[in-house]
1. Read through the list (1) surrounded by fewer than 16 Cβ atoms within 10 Å (Cβ to Cβ); (2) under 16 Å from the mean Cα position of the chain (by Cα); (3) of a type outside the set (A, V, I, L, M, F, W, C), then give the number of the only condition that residue 57 fails.
2. Could you tell me how many of the residues in the range 23-45 are part of a helix (DSSP H, G or I), farther than 25 Å from residue 122 by Cβ and touching a residue at least 24 places away in the same chain (Cβ under 8 Å)?
3. For the range 8-41, how many residues meet the condition of being of a type in the set (S, T, N, Q) and either within 29 Å of residue 76 (Cβ to Cβ) or within 16 Å of the chain's Cα centre (by Cα) (or both)?
4. Could you count how many residues in the range 46-72 are assigned to a loop (DSSP other than H, G, I, E, B) and of a type in the set (S, T, N, Q)?
5. In the range 48-65, what residues are among the charged types (D, E, K, R) and under 11 Å from residue 95 (Cα atoms)?
6. Filter the range 72-103 down to residues that are within 10 Å of residue 48 (Cα to Cα) and of a type outside the set (S, T, N, Q) and give me whichever is nearest to the chain's Cα centre (by Cα).
7. Which is among the β-branched types (Val, Ile, Thr) and at pLDDT below 95, of 55, 101?
8. From the list 75, 20, which residue is in a helix (DSSP H, G or I), surrounded by fewer than 16 Cβ atoms within 10 Å (Cβ to Cβ) and at pLDDT below 95?
Amino acid sequence: MPANTALIAPENQLAKEVTRQCKAYFKDPHWQFDLPTKPAGTEHQRKVWASIQEIPSGKTKTYGEVAKKIKSGARAVGTACGANPYPLIAPCHRVISAQGIGGFMKENSPGLYRQIKLWLLKHEGAM
């Protein structure tokens with residue numbers, strides 16, 4: 001979407017609430033989202049997403065740490081992060097590699113997703 005694309009105002013109560021809470025998060029990185037979500041995913045994905053929601057703003061965990069907590073593998077955790085339908089609510093940006101930012105965003109590869117992850121971590125004071 002081009003940067004000059006006009007935004008459409010939210011039309012229903014849920015969309016208005018999502019907008020309100022996103023604005024609150026971008027104003028205060030310690031904002032706690034409280035939205036009704038029903039993420040469609042496998043049992044494993046939902047377990048990963050629930051675990052990630054427990055990581056406080058400004059903190060990170062490695063893929064391995066999340067995997068150990070839920071008795072899984074680091075790569076499986078990474079795959080579930082990549083399938084996350086609510087990336088701010090289940091903040092996968094707080095999950096990093098033991099060797100750096102990691103994930104599909106690779107430490108040395110440029111790209112929009114890596115830039116977003118870095119920005120969010122800086123916004124929250126984790127970097």
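1. So the condition that residue 57 fails would be (1).
2. First, pick out the residues of the range 23-45 that are part of a helix (DSSP H, G or I): 23-27, 43-45.
Going one step further and asking which of them are farther than 25 Å from residue 122 by Cβ, we end up with 43-45.
With the extra rule that they be touching a residue at least 24 places away in the same chain (Cβ under 8 Å), the set shrinks to 44-45.
Total meeting the criteria: 2.
3. Pass one, the range 8-41, residues of a type in the set (S, T, N, Q): 12-13, 19, 21, 32, 37.
Checking which are either within 29 Å of residue 76 (Cβ to Cβ) or within 16 Å of the chain's Cα centre (by Cα) (or both) leaves us with 21, 32, 37.
Number of matching residues: 3.
4. Within the range 46-72, the subset assigned to a loop (DSSP other than H, G, I, E, B) is 53-60, 71-72.
Now drop any that are not of a type in the set (S, T, N, Q), which leaves 53, 57, 60, 72.
Final tally of qualifying residues: 4.
5. Of the range 48-65, the ones among the charged types (D, E, K, R) are 54, 59, 61, 65.
The answer is 59, 61, 65.
6. Among those that are within 10 Å of residue 48 (Cα to Cα) and of a type outside the set (S, T, N, Q), it is 92.
7. On the way: 55 fails: at pLDDT below 95.
Exactly one residue qualifies, and that residue is 101.
8. Working: 20 fails: at pLDDT below 95.
Exactly one of 75, 20 is in a helix (DSSP H, G or I), surrounded by fewer than 16 Cβ atoms within 10 Å (Cβ to Cβ) and at pLDDT below 95, namely 75.
The values are calculated or read from the model by the stated rules, or taken from the named source; none is laboratory data. Predicted, not measured: the structure shown is a model, and the values here were computed from it. No Cβ is skipped: glycine too gets one built from the backbone with ideal geometry, and neighbour counts run over all protein chains shown.
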